[in-house]
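Asks: Before we start, here is the structure in question, set down as structure tokens.
Just so it is clear, none of the values below were taken in a lab; they were calculated from the coordinates. Treat the numbers as computed from the prediction; the structure is a model and nothing was measured. All Cβ positions, even for glycine, are placed from backbone atoms using ideal geometry, and neighbour counts span all protein chains on display.
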Amino acid sequence: MSEPTPLPASATKAAWDKLDALAAAPGGRLITPLFAADPNRAEKFSASFEDMFLDFSKTSISPEAMTGLFELARAAKVEDFIVRLFAGEPVNMTEHRSAMHMALRSLPDAGFRAVLPEGGFEDASKVAAHERAHMEKFVRAVHAGEIVAADGKPFTDVLNIGIGGSDLGPRMVSLALTFVHGAKISPHFLSNVDGHAFAQLSRELDPARTLVLVASKTFTTLETMTNGHAARDWIAGALGEDAVSHHFAALSTNMKETGKFGIPEDRVFGFRDWVGGRYSVWSAIGLSVALAAGWDAFEDFLAGGRAMDGHFRNTPLEQNLPVLMALAGIWNLDVQHAATLCILAYDARLARFPAYLQQLEMESNGKSTRLAGDQVTHQTCPVVFGEPGTDAQHSFMQLVHQGPAHVPVDFILAAEADHNRPEAHRILAANVFAQAEALLAGKSLEEVTEEMKKAGADEETIKRVAPHRVFTGQRPSTTVLYKKLDAYSLGRLIVLYEHKVAVQGAIWGINSYDQWGVELGKKLAQAIIPSLEPKADHGHHDGSTLGLMNKFLSLRGEG
Ligand SMILES: O=P(O)(O)OC[C@H]1O[C@H](O)[C@H](O)[C@@H](O)[C@@H]1O
């Protein structure tokens, strides 16, 4: 099928120029005057989907800038992009693939389609439903004690071995949902090829009670294969070779390689190449989530994702949560030049959410070449980082409040807690609102001086200390607030970010669905492994790399 001619950078130039001019105008970087000018700003610069509420009023986006941002989105043909994405067109043009992860959470008869490598389309919703039925049968049988360990007793633990998208999604979602829905089986995750990680897990886990999932889209990733073989030796060593077929399952698109690993076909849960790694938690890669939190929770999770898909696909840009979040992000990054994005989920159950978003955002949009083959005209992705609130307040938030660079923050909060100490949740929520308000309002020298005077400080102390206690304020944040965290609302939250990333990629004119940047390091590592054997030829490297390899070997007494 023919791919549409990519838009030239000139198509969005006028819209970008207008935004730059607005930001450069007097007051174009301030937020508090926007509230002073319009008592209804908070209402106008917020939007809802179901109980999920997005407030982006604490940004320096003026009403004119908002209009300009929609003009930018339309100049970049975001609406067309949404249609092409959902039509299963090969938006991943460097690999000629659809990005059809939406099919994984669609109803079986939704009719989403995806391009086939050999040409034509397949019914992606049907393919996904078929695999889901396979997963459900397995999960329910494990929970019912019908699929059991080699000794005939039930499994109590599941170990997911994978990395990148085959780890971050299931790990983050399992942590959240086992708290909310209870753990039917305890989930564990092994990603790092560092042998210490496996050593630690193998100390904690009983091989006789552990079901091992080898999760890899390609089934060739060095870390996962190394760890998979270590786990295979661990199970076979403890329980005998025959136990392997009872204790292993594979989650992959590569049936040939799973067969070579020795995993029987009915223990292989597949998905297709139209599912990118960072979008794969909705696929067979989510098996550990379903095993841990239960099949019904997994279905609710899919339903939440599906609901946000529907909102994104059918809502005008002006009320579309992922679009609004994307535009606020573009304003902060490209117009106000705030190069980072801090994710503060005030929810201990979302402790892994920033790590998950790092891959989703930075692997998707960390690109410099536009679809048209020329170089991007703007920064394409903020550096994403974060920690759960309130912990973050006691580590890096100093910089966010008083450092010279502005660091936009996404605050995330559930209104209701899942514990019986409402006062604790009120304290948590108060911290969200206080942080966001402090970032916005800051504290002037006059206010600090007054405060210090009242506290009885002398003139000299005030003069010396007060400037250090000034907060400039005018620091942007966005808040996502919803009723409670459960499988459904987590599904919505993830898809909010998925589609935000998609919209931003469309505006920058890049392919959000490939990741060639990861390849080079992977290839070089493969090439260096043999040269780290004692006395091996080191091959050709720069002086620093050769020096480090020699030092490594000599520190080990092998050089
Ligand atoms: O699932 P796998 O094929 O093992 O890939 C795991 C990860 O590998 C690389 O890092 C890719 O850039 C990621 O997108 C992917 O999630």
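Asks: Tilt of helix 295-314 relative to the longest C-alpha principal axis of the chain, in degrees (0 to 90, nearest 10)?
Replies: Tilt of helix 295-314: around 50 degrees.
Asks: Next question. If amide H atoms are built 1.01 Å from N in the plane of the peptide, which residues on other chains or at least 5 residues away come under 5 Å of the amide H of residue 412?
Replies: 344, 345, 346, 480
Asks: Turning to a different aspect of this structure: Please compute the volume of the convex hull spanned by the alpha-carbon atoms of segment 286-421 and report it per residue in Å³.
Replies: Value for segment 286-421: 164 Å³ per residue.
Asks: Students often get this wrong, so check it: of 217/483; 44/77; 184/260, which have C-alpha atoms separated by over 26 Å?
Replies: Flagged as over cut-off: 217/483; 184/260.
Asks: Please give the helix 10-24 orientation as an angle from the longest Cα principal axis of the chain, in degrees from 0 to 90, rounded to the nearest 10.
Replies: For 10-24 against the chain, the angle is about 50 degrees.
Asks: In whole angstrom, how long is each semi-axis of the equivalent ellipsoid of segment 365-483, when you take the square root of 5 times every eigenvalue of its Cα gyration tensor and sort them from largest down?
Replies: Semi-axes, largest first: 34, 25, 10 Å.
Asks: Name the residue from 488, 30, 220 whose Cα lies farthest towards the positive end of the charge dipole of the chain, charges +1 on Cβ of Lys and Arg and -1 on Cβ of Asp and Glu.
Replies: Value computed over the given set: 30.
Asks: If we restrict to alpha carbons, what Rg and Dmax does the chain come to, in Å?
Replies: Looking at the chain, its Cα Rg and Dmax stand at 25.5, 81 Å.
Asks: Per the helix-only calculation at 222 nm, which mean residue ellipticity applies to the chain, given -39500 (n - 2.57) for every DSSP H run of n ≥ 4 and division by its residues, nearest 500 deg cm²/dmol?
Replies: So the calculated ellipticity at 222 nm is -13500 deg cm²/dmol.
Asks: When only DSSP loop residues count, what trypsin sites (Lys or Arg not before Pro) in segment 1-30 have their Cβ near at most 16 other Cβ atoms within 10 Å?
Replies: Passing sites in segment 1-30 are 29.
Asks: While we're on this one: List every residue whose amide H lies under 5 Å from the amide H of residue 352, counting only residues 5 or more places away in sequence or on a different chain, with H placed 1.01 Å from N in the peptide plane.
Replies: Here the answer is none, since no amide H 5 or more places off falls under 5 Å of that of residue 352.
Asks: To make sure I understand, if each residue's beta carbon is the centre and we count other beta carbons within 10 Å, what order do 50, 257 fall in, fewest to most?
Replies: Arranged by neighbour count, lowest to highest, 50, 257 become 50, 257.
Asks: Evaluate the relative contact order of segment 459-559 (contact order divided by residue number), counting alpha-carbon pairs under 8 angstrom at least 6 apart; express in whole percent.
Replies: 12
Asks: Turning to a different aspect of this structure: Quick one: Debye curve from the C-alpha atoms of segment 2-84, no solvent, what's log10 I(q)/I(0) at q = 0.17, 0.19, 0.24 Å⁻¹?
Replies: The Cα Debye sum returns log10 ratios of -0.82, -0.93, -1.14.
Asks: If you restrict to DSSP beta bridges whose two residues both lie in segment 101-300, what percentage is antiparallel, to the nearest 5?
Replies: Within segment 101-300, antiparallel bridges account for around 15 percent of the total.
Asks: Shifting gears a bit: Please list the non-local residues whose amide H lies under 5 Å from the amide H of residue 212, H modeled 1.01 Å from N, same-chain partners needing a gap of 5 or more.
Replies: 159, 248, 249
Asks: So for segment 101-300, Kirkwood radius off the Cα pairs, Stokes-Einstein at 4 °C and 1.567 mPa s: how many µm² s⁻¹?
Replies: Taking Rh from Cα pairs, D becomes 77 µm²/s.
Asks: What do you get for GluC sites (Glu not before Pro) in segment 127-185 restricted to DSSP loop and a cutoff of at most 14 other Cβ within 10 Å of the site's Cβ?
Replies: Hits after loop and neighbour filter: 146.
Asks: Assign unit charges at the C-beta atoms only (+1 for Lys and Arg, -1 for Asp and Glu), then state the dipole size of segment 101-300 relative to its Cα centre in Debye, rounded to the nearest 20.
Replies: Result for segment 101-300 is approximately 220 debye, rounded to the nearest 20.
Asks: What share of the DSSP beta bridges in the chain is antiparallel, in percent to the nearest 5?
Replies: Just about 30 percent of them are antiparallel.
Asks: Which angle between 0 and 90 degrees, to the nearest 10, do you get for helix 445-454 versus the longest principal axis of the chain when only C-alpha atoms count?
Replies: Relative to the chain, helix 445-454 is tipped by roughly 80 degrees.
Asks: Here is a further query. What size of dipole, in debye to the nearest 20, comes out for the chain about its Cα centre when the only charges are +1 on Lys and Arg C-beta atoms and -1 on Asp and Glu C-beta atoms?
Replies: Magnitude of the dipole: close to 240 debye.
Asks: With just the Cα atoms defining each centre, how far is segment 328-379 from segment 179-232? Give it in Å.
Replies: 29
Asks: With 10 angstrom as the radius, rank 343, 528, 163, 427 by how many other C-beta atoms surround their C-beta, starting from the fewest.
Replies: Lowest count first: 427, 528, 163, 343.
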